[in-house]
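Here the structure comes first, spelled out in structure tokens, and everything after it is commentary.
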Amino acid sequence: MLLCRLRLRRRALRLPLGLLTLMLVLLLAVQRLARAVYRPQRHVMQISMPIPWPVAQARMRERREEVPPVGYFTVPPDLDRRRRWLCYTLIGNAGHDAAMLRAVAERLRRGRTQPAERADLCIRFAAGARYASLVAALDLMPQLNQSKYALDLYRPEPVLYVFVTPFRPWW
């Protein structure tokens, strides 16, 4: 008889299935709200782009009579010969590009602590380089408190010039 009673007696369900699904829906809603409310902090970078040297010369000839004279931000075509550069090339391979950017960061850090290691840097972007490499190189400059750099997009292969040493003509 005791055996029959145990079979007939049912236990009450402690967690109803409807409550379980409601908790799951609530969890998904909280996750979606958390992404909307707590967005990661994003940064905006303002870059002054140089204009081509012939365009700058033409504009200066047109506006000679204006006072005060307008100064244009441009990269001279013979900049490669005016300074001594340490060149790094980004080719589009993620591992190679990351190693090159680490080498650039290390060179800039060493240049701060050891004046003998100070050198101007030239970062070239080969034809296969990705846009992410350009953004990473530009993002590296504010991280290292580097304020003097110029991006020249008017060459067949874009170049980022990082000016570390003051300009002293050596000719």
Quick test of your reading of the structure: residue 102 fulfils all but one of (1) of a type outside the set (A, V, I, L, M); (2) open to solvent by less than 50 Å² (accessible area, probe 1.4 Å); (3) on the phi < 0 side of the Ramachandran plot. Name the failing condition by number.
(2)
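A quick yes/no check of all residues on (1) among the small types (Gly, Ala, Ser); (2) within 30 Å of residue 133 (Cα to Cα); (3) open to solvent by 90 Å² or more (accessible area, probe 1.4 Å); (4) at pLDDT 70 or above:
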site	(1), (2), (3), (4)
1	no, no, yes, no
7	no, no, yes, no
13	no, no, yes, no
16	no, no, no, yes
22	no, no, yes, yes
53	no, yes, no, yes
70	no, no, no, no
75	no, yes, no, no
92	yes, yes, no, yes
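So in region 105-123, with the set limited to residues that are aliphatic (A, V, I, L, M) and under 13 Å from residue 165 (Cα atoms), which one is most open to solvent (accessible area, probe 1.4 Å)?
Quick first cut of region 105-123, residues aliphatic (A, V, I, L, M) only: 105, 108, 116, 119, 121, 123.
Narrowing the set further to residues that are under 13 Å from residue 165 (Cα atoms) leaves 108, 116, 119, 121.
Values: 108: 11, 116: 102, 119: 23, 121: 0 Å².
It comes out as 116.
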Only one of 97, 152, 139 is closer than 20 Å to residue 53 by Cβ and out of contact with any Asp or Glu (no Cβ under 8 Å at 6 or more places or on another chain). Can you tell me which?
152
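Given 135, 164, which one is without any contact (Cβ under 8 Å) to a residue 60 or more places away in the chain, open to solvent by 30 Å² or more (accessible area, probe 1.4 Å) and outside any helix (DSSP H, G or I)?
Every option except 164 fails the conditions.
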Subset of region 90-104 [β-branched (Val, Ile, Thr) and closer than 23 Å to residue 165 by Cβ]:
104
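The values are calculated or read from the model by the stated rules, or taken from the named source; none is laboratory data. Keep in mind the model is a prediction, meaning the values are calculated, not measured. Every residue, glycine among them, receives a Cβ derived from its backbone with ideal geometry; neighbour counts consider all protein chains shown. Please note that ligands, DNA and RNA were not included when accessible areas were found on the heavy atoms of the full protein model with its side chains. Shrake-Rupley method; radii C 1.70, N 1.55, O 1.52, S 1.80 Å.
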